[in-house]
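What follows draws every value from the coordinates through simple rules; no lab data is involved. A quick note: this is a predicted structure, and the numbers were derived from the prediction, not measured. Note: ideal-geometry Cβ built from the backbone for every residue, glycine included; neighbour counts use all protein chains shown.
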Amino acid sequence: DTAVSQTPKYLVTQMGNDKSIKCEQNLGHDTMYWYKQDSKKFLKIMFSYNNKELIINETVPNRFSPKSPDKAHLNLHINSLELGDSAVYFCASSHGQGGTEAFFGQGTRLTVV
Amino acid sequence: KQEVTQIPAALSVPEGENLVLNCSFTDSAIYNLQWFRQDPGKGLTSLLLIQSSQREQTSGRLNASLDKSSGRSTLYIAASQPGDSATYLCALPRGGGSEKLVFGKGTKLTVNP
């Protein structure tokens, strides 16, 4: 009964490949997010979706494309992977209104070789 | 623009000690503040959410306080245990009702048996 689940947990791939990370939440939240944690452990927002609509898109290369088929799912597709994309990617969800608690998935450790 | 600072970056204490982790923020117009715990190779676990109208929030041995006027929050851990060893992160919505969280860089806590 995991609240926010991501797959895969680990992903090792070569430069130039295209890969996807999937995220699902069963909390009934209407807002989902992707965060990136870099090698220095610093967490930064990448995208935010509310009811399947993109509401936040930080300065992220357009090789990263989120897709939300429904409000319980937010997938992240990455094209032409680069070495600098290696990081841990976290999915999160919340009710999306100011003052609500955010819940995070276990993270996907992406290693580009 | 909200900036979040956590001091110290690392803390090592003997088991049983009471300790305080600090979080400071630059924009006091906040909706809430959330404390998370991150274990190595794991996701983020929400510990406490403290609303802007609250002064403190308690969960078990954890107590979080919030002083908006001074831009500070503290996380008090009573009677620390080795199982408390983890990185503790505080996070706040960026501002203006934005749901996206701005994170501090965390305090890495080690509780020695």
- Message: Explain nothing, just the number: dipole magnitude of the protein assembly as shown about its Cα centre with +1 on each Lys and Arg Cβ and -1 on each Asp and Glu Cβ, in debye rounded to the nearest 20.
- Response: 320 debye
- Looks like region A:25-70, by Cα gyration tensor root eigenvalues a ≥ b ≥ c and the a/c under 1.5 rounded cutoff (else prolate when a/b is bigger than b/c, oblate otherwise), is oblate
- Query: Sorted from fewest to most neighbouring beta carbons within 10 Å, what does the list B:Ile30, B:Ile7, A:Ile56 look like?
  - Reply: B:Ile7, A:Ile56, B:Ile30
- Message: If I take the Cα coordinates of region B:24-63 and project them onto the principal axes, what are the three extents in Å, biggest first?
- Response: 33, 24, 14
- Message: Can you compute the radius of gyration and Dmax for chain A, using only the Cα atoms, both in Å?
- Response: 13.2, 41
- Message: At a 10 Å Cβ-Cβ cut-off, how would you order A:Cys91, A:Cys23, fewest neighbours first?
- Response: A:Cys23, A:Cys91
- Item | Rg/Rh ratio calculated on Cα atoms of the protein assembly as shown (Kirkwood radius) | 0.97
- Task: Pop a pseudo-label 7 angstrom from the Cα along the beta-carbon direction at both A:Val60 and A:Ser5 and give the gap in nm to one decimal.
- Result: 2.2 nm
- Quick one: how many lysine pairs does chain B have with C-alpha atoms less than 20 Å apart and a gap of 8 or more or different chains? Give me the count, please. 7
- Query: Cα atoms only, chain B: Rg and Dmax in Å?
  - Reply: 13.5, 44
- Could you work out the longest stretch of chain A that avoids the trypsin sites (Lys or Arg not before Pro) located in DSSP loops with at most 16 other Cβ atoms within 10 Å? A:64-113
- Note on the structure: Taking the alpha-carbon centre of each part, the distance from region A:56-91 to region A:5-49 in Å is 6 Å
- Message: Taking the alpha-carbon distance from A:Lys40 and a cut-off under 16 Å, which aspartates and glutamates remain once sequence neighbours fewer than 8 residues away in the same chain are dropped?
- Response: A:Asp85, B:Asp39
- At what distance in nm do the modelled label points of A:Lys52 and B:Ser12 sit from each other, each positioned 7 Å from its Cα along Cα→Cβ? 5.3 nm
- Query: Restricting attention to region A:21-113, which GluC sites (Glu not before Pro) occupy a DSSP loop and are surrounded by at most 15 other Cβ atoms within 10 Å?
  - Reply: A:Glu58, A:Glu82, A:Glu101
- Message: Over 5 Å intervals from 0, what percent of Cα-Cα pairs in region B:1-57 sits in each interval?
- Response: 4, 13, 19, 26, 22, 10, 5, 1
- Note on the structure: Put in order of increasing Cβ neighbours within 10 Å, starting from the fewest, A:Met46, A:Met32 give A:Met46, A:Met32
